[in-house]
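The values are calculated or read from the model by the stated rules, or taken from the named source; none is laboratory data. Predicted model only: the values in this text are computed from it and were never measured. Don't worry about glycine lacking a Cβ; one is built from the backbone with ideal geometry, like all the others, and counts go over all protein chains shown. Calculation scope for accessible area: heavy atoms of the full protein, side chains included, ligands and nucleic acids excluded. Shrake-Rupley method; radii C 1.70, N 1.55, O 1.52, S 1.80 Å.
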Amino acid sequence: MAGAGHLFHDLDHVVIDDGRIYRVLGNLDSNTHFLGYNVYMPSEDGDRVYRGRTYKKRFIEDEDLPADVLDTYELIPIEKVIDHLDPIQSAKTMCGTFEGTVWFDLYVELCEVFGDDSVGIFGSSMFGLHLTPEGKVRKDVDFVLEGVENIPTLRQTLPEIRKRLGFTEVSPARQLRQHERYARVFRNRKNSIREIIERRWTSLQLSPEVVTTIRLRDPGSVTPLALIKPEPEALNFIISGQVSGADSSNMFPRTFQLATESGVVDVLLMWWKFSTPVREGDRVTVCGSLLSTDSRPCVRLTNFVDHWLKIEE
């Protein structure tokens, strides 16, 4: 399947020619490749069926414990793509598969606020992999909201949507469980994992076992190819400052600015698991690779062992 790079947006999903299913990461500025993360792969011992083949879900960071998140991402040639699914269109096509559930109610609520051209689904529900053989929703449905301009409205309306539909904010017990899982992956103890999890303001908890997190994307936020695999000027560069532009940290890559004693520095987190890591005005210290850009300095966090984000008290 040929196409221009700008047609592949963050949280799109694609099937490539060997049957593997990838989530698109960011809006890569490329006409030939996209950055992908393998979420499902054909497997004889898989527990889900798509187009007559059994699939299993990948948990790359949790199972393989790689040293760097870039070891889990792949630059995939667009020509390998045989199917391309967009979250917004997928929601319109697949919402009937979860009609009669709280997930359909959530979809309706979000569409009433933002319109059905801004609300999508991503992950298993795009492919029907969210259903049991009996046609019931296995666990949850993952939603995405498009447009950075919609973030303030989501922040304002989400508490009432939770209350109307029977969701809650994420409980301390669930946050603790997530902290334990994340601490295995993000292995530098200077990371403020607990505080970062507490900042996950787009999550909705239905039960002790079921939590969904609304993801955010903006097709206008383009990731330069040069930021994916450049030669760093310094590997473990440490800098402190005050956060601005925090809304962009809700997108992927997670980006924000730090006002430091020596000027403004861009911060680029390539860790998709940190979904909404900082708030406006936070005082933070980061350790990452210092990159050379045409504008101002950029610090990129990728390494699970050496890099860290510390939210200061």
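Please compute the Kirkwood hydrodynamic radius of region 1-142 from all pairs of different C-alpha atoms, in Å with one decimal. Present the calculation step by step, with values, prior to reporting the outcome.
On the way: mean 1/r = 0.0623 Å⁻¹.
Hydrodynamic radius (Kirkwood, Cα only) of region 1-142 equals 16.0 Å.
Suppose R0 equals 35 Å; then what is the FRET efficiency for Glu198 and Ile60 from their Cβ-Cβ distance, rounded to the nearest 0.05?
0.90
So which GluC sites (Glu not before Pro) in region 164-256 are both in a DSSP loop and have at most 12 other Cβ atoms within 10 Å of their Cβ?
Passing sites in region 164-256 are Glu209, Glu233.
In terms of modelled amide H atoms, which long-range or inter-chain residues lie less than 5 Å from the amide H of Leu28?
Result for Leu28 returns Leu35, Thr223.
In nanometres, what is the gap between the two model label sites at Thr153 and Ser43, each 7 Å from Cα along Cα-to-Cβ?
The modelled label-to-label distance comes out at 4.0 nm.
Within region 287-304, name every residue whose backbone N is under 19 Å away from a label modeled 7 Å from Cα of Asp68 along the Cβ vector.
Inside the label zone: 287-293, 298-304.
Please work out the C-alpha center-to-center distance from region 298-312 to region 204-242 and express it in whole Å.
Each part reduced to its Cα centre gives a spacing of 11 Å.
Taking amide H positions as placed in the peptide plane 1.01 Å from N, state which residues far from Asn191 in sequence (5 or more) or on other chains have amide H under 5 Å from it.
Those lying under 5 Å, H to H, from Asn191 are Leu309.
Using the Kirkwood radius over C-alpha pairs as Rh, can you work out the diffusion coefficient of region 125-280 via Stokes-Einstein at 20 °C, viscosity 1.002 mPa s, in µm² per second?
Calculated translational D: 121 µm²/s.
Using only DSSP helix segments of four residues or longer, with each worth -39500 (n - 2.57), what per-residue ellipticity at 222 nm results for the chain after dividing by its residue count and rounding to 500? Intermediate results must be reported in sequence, preceding the final value.
Numbers: 6 runs with 61 residues, N = 313.
Here the helix-only value at 222 nm equals -6000 deg cm²/dmol.
In region 86-119, which GluC sites (Glu not before Pro) fall in coil by DSSP and have 12 or fewer other Cβ atoms within 10 Å?
Hits after loop and neighbour filter: Glu99.
Whole percent per 5 Å bin, from 0 to the bin with the longest distance: what is P(r) over all C-alpha pairs of region 200-257?
4, 13, 16, 19, 18, 14, 9, 6, 2, 0
Might you tell me the accessible area per residue for the chain, computed with a 1.4 Å probe and given in Å²?
I get 45 Å² per residue for the chain.
Calculate I(q)/I(0) for the chain by the Debye formula, one identical point scatterer on each C-alpha and no solvent, and give its log10 at q = 0.08 Å⁻¹ to two decimals.
-0.35
Which of the trypsin sites (Lys or Arg not before Pro) found in region 177-228 are in a DSSP loop and have at most 12 neighbouring Cβ atoms, other than their own, within 10 Å?
Those that pass, being in a loop and sparsely packed, are Arg189.
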